[in-house]
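To start, the structure itself, in structure tokens.
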């Protein structure tokens, strides 16, 4: 049996697709490796509620673990501010409520990056 090694982009798209499939809204996976030295992909999505955020983080941890992706930085408890950042080294995942997403507008920071996944629900 051949062991297939997944590329960083493949994993980033897999994570973006997982978030999309679990009702994340406006999911974007942006290749930013040419813009900085500390990560390769920004994964940004909007969540609908704190319950949605908590559930998605819990499920996402399992997906990351199943794909041998270590979480380098993540809060032990999800903050009530509506933004959870999960740093996996090559991937930085931002799960944000609508207000935080509109205020910080992270996509604008990485406008020169290449979008490798965009949910069909993205505006």
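Read-outs: derived from the displayed coordinates by stated rules, not from any lab. The model shown is predicted, which means the values in this text are computed figures rather than measured ones. Cβ: placed from backbone, ideal geometry, glycine included. Neighbour counts: every protein chain shown.
Extending 7 Å from Cα along the Cβ direction at residue 106 and again at residue 73 yields two label points whose distance is 1.2 nm.
Taking other Cβ atoms within 10 Å as a rough exposure proxy, 95, 28 sort from fewest to most as 28, 95. Computed over the stretch 10-58, relative contact order equals 33 percent, with contacts defined as Cα pairs under 8 Å that lie 6+ residues apart. Distance between the modelled labels on residue 48 and residue 8, one decimal in nanometres: 3.4 nm (7 Å Cα→Cβ projection). Put in order of Cβ neighbour count within 10 Å, fewest first, the listed residues 37, 112, 48 become 37, 112, 48. The ranking of 54, 101 by Cβ neighbour count inside 10 Å, starting from the fewest, reads 54, 101.
What is the distance, in nm, between label points placed 7 Å from the Cα along the Cα-to-Cβ direction at residue 22 and at residue 59? Going by the 7 Å Cα→Cβ label model, 0.6 nm. DSSP finds beta bridges in the chain, and of those with both partners inside it, around 70 percent are antiparallel. The mean sequence separation of alpha-carbon pairs under 8 Å and at least six residues apart, normalised by the residue count of the chain, gives a relative contact order of 35 percent.
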